[in-house]
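What follows is a short report on a single structure.
The values are calculated or read from the model by the stated rules, or taken from the named source; none is laboratory data. No experiment lies behind these values; they were computed from the predicted model shown. For neighbour counting, all protein chains shown are included, and Cβ atoms are generated from backbone atoms with ideal geometry for every residue, glycine included. Ligands, DNA and RNA are stripped out before the accessible areas are found, and what is left, the full protein with its side chains, is counted by its heavy atoms. Shrake-Rupley method; radii C 1.70, N 1.55, O 1.52, S 1.80 Å.
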Amino acid sequence: MKERLAYATSTISPKRAAELRAEIESFHVEYCAALDANDVERWPDFFSEEATYRITSRQNALLNMPVGLVYCEGLNMIIDRALAVAHSQMFAPRHMLHVLGITRVLQETGNTIGSQTPFILMQTLVEGPSTVHLAGIYHDRFVREGDRLRIASREVVHDTEILDTALAYPV
């Protein structure tokens with residue numbers, strides 16, 4: 001992961017990158033809309049069968065540490081996480097809002113696309129102000145399944161050092 005945090009030159013043409021960026025941004029629009037609407041049970045629909053999902057700190061990523069605050073391997077673990085969050089919330093009610101930066105498309109190999117997208121995740125507690133919940137970058141590998149993209153691997157590398165206890169919610 002250390003190498004993935006360093007600047008990497010895109011290996012595809014600017015024209016193809018723009019086409020793929022539009023497709024990835026359409027994916028992100030739906031992904032974030034589902035989570036921002038608190039439809040966490042729909043979250044697994046965005047992942048491939050063999051997907052991995054990990055949330056880790058920038059420091060862990062730089063040190064190539066496999067430890068993550070959240071780690072799911074395979075769609076069944078992602079489904080379990082979604083159901084646990086949806087049916088056993090143990091944190092105060094809140095509204096989440098994803099704000100995404102410009103996606104960098106790094107590579108395309110066969111039906112796989114590698115990209116990085118910066119994000120800020122805002123939260124508003126029902127009885128409190130809006131705050132930055134988490135900030136970082138999605139390091140994604142998408143796979144094309146039919147006419148749609150699915151996440152094959154999402155590593156959420158966060159810059160935020162002091163974390164809220166409600167990080168159980170998908171990012």
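Does residue 93 satisfy being open to solvent by 20 Å² or more (accessible area, probe 1.4 Å), within 21 Å of residue 36 (Cβ to Cβ) and at pLDDT below 90?
On the way: open to solvent by 20 Å² or more (accessible area, probe 1.4 Å): yes; within 21 Å of residue 36 (Cβ to Cβ): yes; at pLDDT below 90: yes.
So residue 93 passes the test.
Okay, residues lined up against (1) in contact with a helix residue (DSSP H, G or I) (Cβ under 8 Å, 6 or more places away or on another chain); (2) hydroxyl-bearing (Ser, Thr, Tyr):
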position	(1), (2)
49	yes, no
78	yes, no
108	yes, no
112	no, yes
127	no, no
132	no, no
Is one or more of the residues making up segment 113-133 touching a residue at least 12 places away in the same chain (Cβ under 8 Å), surrounded by fewer than 13 Cβ atoms within 10 Å (Cβ to Cβ), touching a strand residue (DSSP E or B) at 6+ places or on another chain (Cβ under 6 Å) and outside any strand (DSSP E or B)? no
Candidates 40, 85, filtered to the one that is farther than 22 Å from residue 142 by Cα and open to solvent by less than 20 Å² (accessible area, probe 1.4 Å): 85
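Every residue, every condition in (1) outside any helix (DSSP H, G or I); (2) farther than 20 Å from residue 120 by Cβ, yes or no:
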| residue | (1), (2) |
| --- | --- |
| 11 | yes, yes |
| 17 | no, yes |
| 21 | no, no |
| 34 | no, no |
| 42 | no, yes |
| 48 | yes, yes |
| 51 | yes, yes |
| 54 | yes, no |
| 64 | yes, yes |
